[in-house]
Every structure is written in structure tokens, then in C-alpha cells.
1. Could you say whether any residue in segment 140-161 is in contact with a Phe, Trp or Tyr (Cβ under 8 Å, 6 or more places away or on another chain), away from the ligand (no atom under 13 Å from the Cβ) and among the aliphatic types (A, V, I, L, M)?
2. Sort through L126, L99 and tell me the only one that's within 10 Å of the ligand (Cβ to nearest atom) and under 17 Å from the mean Cα position of the chain (by Cα).
3. List the number of the failed condition for N55; all other conditions in (1) open to solvent by less than 10 Å² (accessible area, probe 1.4 Å); (2) of a type in the set (S, T, N, Q); (3) away from the ligand (no atom under 13 Å from the Cβ) hold.
4. So which helices (runs of 4 or more DSSP H) stay within segment 119-207 end to end and still have 2 or more residues that are hydroxyl-bearing (S, T, Y)?
5. Run L116 past the list (1) out of contact with any strand residue (DSSP E or B) (no Cβ under 8 Å at 6 or more places or on another chain); (2) in contact (Cβ under 8 Å) with a residue 24 or more places away in the chain and report the number of the one that doesn't hold.
6. Quick one: S112 ticks every box in (1) over 23 Å from G138 (Cα atoms); (2) under 14 Å from the mean Cα position of the chain (by Cα) bar one, so which box is it?
7. Before we move on, is S47 open to solvent by less than 10 Å² (accessible area, probe 1.4 Å) and either modelled with pLDDT of 95 or more or more than 8 Å from the ligand (Cβ to nearest atom) (or both)?
8. Determine whether H37 is more than 10 Å from the ligand (Cβ to nearest atom) and touching a residue at least 60 places away in the same chain (Cβ under 8 Å).
Amino acid sequence: MADQIKATDLFSNWAKEGKDQRMANTHAPSVKEMLDHVLTAISSPFSFIDAGCGNGWVIRKVLENDLCKYAVGVDGASTMIEQAKLNGPKENYVCEDLLSWIPDQKVDIVHSMEVLYYFKEPLKLLNHIFKNWLKPNGKLVSGVDFYFENEKSHSWPTDLNVHMTLLSKEEWLSIFQSAGFLDCHSWYANGSSDFHGTLCLFGHKHS
Ligand SMILES: C[S@@+](CC[C@H](N)C(=O)[O-])C[C@H]1O[C@@H](n2cnc3c(N)ncnc32)[C@H](O)[C@@H]1O
């Protein structure tokens, strides 16, 4: 088998080929459920990071919320971030590796869609987010379509020649807890007769 390519290189190519917006459109229904889950009850100003933001569409959506005072999208794919900066305020996007980047200020909410399984050790990223990105009382909401119970997804690492870490719902919840998150729970978003649904995961960093 040929050497696997880096996820950030794969997605830089996708952005060059114009596939970024189609991906955003596919993810939008699940992301809506995740954003509703963390934003509906919010009544005071909040700050927000989108981890692996792609072309930045979630940041643009969240900035429409008058209570959002600070929002940053971070992605390691340079062409995705170029695209994001073309479509929104440049200062809201950074091109960095999620495992090493530290925000200027900690935030209330971290969101990520279809990102966590690209890491060989997702717990390392969860530890980093918990310790270095989230304020006390902060929340993490994350969606994955590649997971054990979604059998149709199992061929993706071979199809795309990219590393993906396959975990079950219980294993994901367990590593959220290992990172220190409380109130961990999950649900399936946007399921249908031919899609098991996005596995959405939530964790709370208590104050
Ligand atoms: C499937 S795409 C999802 C993009 C976006 N969340 C969306 O829903 O449109 C996964 C994204 O994670 C980014 N990514 C993967 N590994 C990364 C890493 N180590 N550091 C930064 N970004 C990474 C990729 O570059 C890509 O843009």
C-alpha cells in the first residue's frame, strides 16, 4: 500500500478542487443540531473555536449570533484557510496544527465536525483542548461520521489513503471522560434509512 497522505494535504487538495463547499453542505444538518445543543440556552456573550474549520463556514454562521464576541477557526490545510479568509474576516482564521496551536484566549465553546478521528491519538487532542483552549465551565461538541457502529464508513481510510482512528460510541465517550470532561453524552444526528447518523459527542469542563 502507498504511504498514507496527511489529512491536511488531502483537504488542501479538496479546497483547490472546490470540494470544500460540497463537504460543508453535507455536514450542515448535523452541525445545526450540534450548534443548537450548545447555543440555544446561551443568554450571555460567548467565545467559540471551530477545530478543523475547513473553509470557515461554521465560524461565519456563528458570527451571525449577536452574543458571539470572539470566534476563531483553525485548520492545518493552507488552501482551506485561504478560502476561509477570502469569505470572511481574515483575523478569524489561523492555519495551524490543532495539536500544537494555543489560542490567545480561552473560550466558552469548542466545536469540531469530522476532525477528531484523523488523529492517531485523539485523546492527546482532547487533553490539549481541555487544558489549553477551554475556560472553566467550557463545552466541547464534536461530530464524527467515521465510527465503529457506522459500518459503511469503515472503508474510508483505504478509499482516501489517510489515517483514521476507528472507535465505537462507548470508546469515544470513554476518552472524553479520560480527558477530564463531565456530563459526557452522545446522540446520532441527521440519520436516515441509508445513514447511521453523525455521532455527536458532548463534554463539559466544570468550573
Ligand atoms: C472532513 S474536514 C471537515 C472540515 C469542516 N469541519 C467542515 O465540516 O466542513 C476535516 C478538516 O480537519 C483538518 N485537519 C485534520 N487534521 C488536522 C490537524 N492535525 N491540524 C489541523 N487541521 C486538521 C483538515 O485539514 C480538514 O479541513
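1. Yes, that holds for at least one residue.
2. L99
3. Against the list (1) open to solvent by less than 10 Å² (accessible area, probe 1.4 Å); (2) of a type in the set (S, T, N, Q); (3) away from the ligand (no atom under 13 Å from the Cβ), N55 comes up short only on (3).
4. The qualifying helices (runs of 4 or more DSSP H) are 169-178.
5. Status for L116: all satisfied but (1).
6. Of (1) over 23 Å from G138 (Cα atoms); (2) under 14 Å from the mean Cα position of the chain (by Cα), only one is false for S112: (1).
7. yes
8. yes
The values are calculated or read from the model by the stated rules, or taken from the named source; none is laboratory data. Because the structure is predicted, anything quoted here is derived from the model rather than measured. Cβ: placed from backbone, ideal geometry, glycine included. Neighbour counts: every protein chain shown. Note: areas computed on protein heavy atoms with side chains; ligands, DNA, RNA excluded. Shrake-Rupley method; radii C 1.70, N 1.55, O 1.52, S 1.80 Å.
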